[in-house]
1. Failed condition for Thr149, given (1) within 29 Å of Val108 (Cβ to Cβ); (2) surrounded by 12 or more Cβ atoms within 10 Å (Cβ to Cβ); (3) of a type in the set (Val, Ile, Thr), with all others met?
2. Any chance segment 110-121 includes a residue that's of a type in the set (D, E, K, R), at pLDDT 95 or above and closer than 23 Å to Arg205 by Cβ?
3. Identify, from the list Leu30, Leu94, Leu77, Leu6, the residue that is at pLDDT below 65 and either surrounded by 14 or more Cβ atoms within 10 Å (Cβ to Cβ) or closer than 30 Å to Val195 by Cβ (or both).
4. Within segment 11-29, does at least one residue satisfy the condition of being farther than 12 Å from Trp68 by Cβ, β-branched (Val, Ile, Thr), outside any helix (DSSP H, G or I) and under 37 Å from the mean Cα position of the chain (by Cα)?
5. Could you count how many residues in segment 52-66 are loosely packed, with under 13 Cβ neighbours inside 10 Å and at pLDDT below 70?
6. Can you say whether Gly139 is in contact (Cβ under 8 Å) with a residue 60 or more places away in the chain, part of a loop (DSSP other than H, G, I, E, B) and either closer than 27 Å to Asp109 by Cβ or acidic (Asp, Glu) (or both), as far as the supplied structure shows?
7. Please find, within segment 159-197, the residue that is surrounded by the most Cβ atoms within 10 Å (Cβ to Cβ) out of those that are modelled with pLDDT under 95 and of a type in the set (Gly, Ala, Ser).
8. Filter segment 119-129 down to the residues that are in a loop (DSSP other than H, G, I, E, B) and touching a strand residue (DSSP E or B) at 6+ places or on another chain (Cβ under 7 Å), then identify the one that is farthest from Tyr177 (Cα to Cα).
Amino acid sequence: MNSMKLTRQQQRILDFIRTQQQAIGQSPSLREIARHFGFRSMTAAMDHVRALIRKGALKHRPGQARSWQVVSLFEDLRSVVVDIPVYGSIPAGLSEEQKQEATGCISVDVESLGIRPTTRTFSLQVRGDSMIGKHIMDGDYAIFEHGVTPRSGDVVAALIDNESTLKTFLTERGKPYLRAENPKYPKLIPATELVIQGVMVALLRKRR
């Protein structure tokens with residue numbers, strides 16, 4: 001939205017359009033705007049709508065009725081909240097046998113986290129202290145993207161020799177291994193298999 005401020009009447013009309021979109025799923029017509037605000041003609045309503053478009057508070061799709069889209073600064077900053085499934089917990093310590101089960105979901109503000117969740121996005125609750133060097137604490141919720149190829153230094157949820165763990169993915173002489181971010185834990189070198197279940201893309205910490 002540009003630097004021009006809305007008049008009080010323009011703000012009221014913008015709020016009315018937004019409320020109607022939320023209530024019935026479409027924008028009000030010019031006739032409905034005129035009736036709601038007591039305008040004598042639809043021309044007055046159109047003048048206000050054109051001003052809102054000119055100031056960047058509305059967008060309009062040419063040739064489509066009731067197609068105004070609110071793009072005010074307030075609307076741009078509204079949170080987009082999505083639910084991400086939680087599949088149990090993951091040890092940030094010594095690896096453990098994998099027992100994965102759905103335990104519900106967490107609702108996240110994707111704009112604040114700066115992520116774009118997909119059908120492959122999932123979350124695990126962290127248990128242990130092996131990743132404190134990267135500020136990943138016991139009880140945190142780590143959010144992962146499945147199917148992403150990890151880069152050196154990425155935090156990953158992994159199955160190493162069929163046991164699950166949360167560690168930093170690294171390579172040495174072309175061979176992958178997992179490193180804890182706490183010096184009391186050893187690095188993990190796979191004896192037979194290392195499967196990356198997901199690359200961490202965000203971290204949530206609930207108030208305790």
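1. (2)
2. no
3. Leu94
4. Scanning segment 11-29 turns up no residue that is farther than 12 Å from Trp68 by Cβ, β-branched (Val, Ile, Thr), outside any helix (DSSP H, G or I) and under 37 Å from the mean Cα position of the chain (by Cα).
5. 5
6. yes
7. Top of the filtered list is Ser164.
8. Among them, the one singled out is Arg120.
The values are calculated or read from the model by the stated rules, or taken from the named source; none is laboratory data. Every value quoted in this text rests on a predicted model; they were computed, and no experiment measured them. Every residue, glycine as well, gets a Cβ built from its backbone with ideal geometry; the counts of neighbours run over all protein chains shown.
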